[in-house]
Amino acid sequence: MQSRNKIFDDLSQLMTNAMGVAQGAKTEAETAMKGLMDRWLADRDFVTREEFDAVRTMALKAREQNDALEARIAALEAAANGKPAA
């Protein structure tokens, strides 16, 4: 018949509790680090991908409009000078 040793039971319980504490500390450290990184990134005024894509689209549209207006101005200047448009 096997008997349970009180020392081993206590040691096992201690290790189980230590693992629970370590897991809780790990979770708390991850949460603290995530909060720190979120605050740091928010302070840096980084733009999101969506904001970047929206501004890029606006810039491309403005460039197209600028090219069209340049061509129109060139045609009007040529017509005013009596020369055929290029």
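The numbers here are math on the coordinates, done by the rules we state, and not lab data. Because the structure is predicted, anything quoted here is derived from the model rather than measured. Here the Cβ positions follow ideal geometry from the backbone for every residue, glycine too, while neighbour counts run over all protein chains shown.
Place a +1 charge on the Cβ of each Lys and Arg in the range 47-86 and a -1 charge on the Cβ of each Asp and Glu, then give the dipole magnitude about the Cα centre in debye, rounded to the nearest 20.
120
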- prompt: Asn66 versus Gln23, label points 7 Å from Cα toward the beta carbon: distance in nm?
  reply: 5.9
message: Compute, for the range 24-70, the length of the dipole vector about the Cα centre, with Cβ point charges of +1 (Lys, Arg) and -1 (Asp, Glu) only. Units Debye, rounded to 20.
response: 180
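Report the extension gain between Thr31 and Arg44 in nm, rounded to one decimal, defined as 0.36 nm multiplied by the number of residues separating them, less their alpha carbon distance. It would help to have the intermediate numbers written out before the result.
Details: separation 13, 0.36 × 13 = 4.68 nm, distance 2.02 nm.
Gain in length upon complete extension: 2.7 nm.
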- prompt: Hey, of (1) 12.3; (2) 15.3; (3) 20.4, which did the structure itself give for Kirkwood radius over Cα pairs in Å when calculated?
  reply: (3)
query: Modelled label-to-label distance, Val55 and Ala80, 7 Å Cα→beta-carbon offset: nm?
result: 3.6
field: Cleavage-rule hits (chymotrypsin sites (Phe, Trp or Tyr not before Pro)) in the range 5-86: DSSP loop, at most 15 neighbouring Cβ within 10 angstrom
entry: Phe46
task: Could you please state, rounded to a whole Å, how far the C-alpha centre of the range 37-60 is from the C-alpha centre of the range 11-31?
output: 39
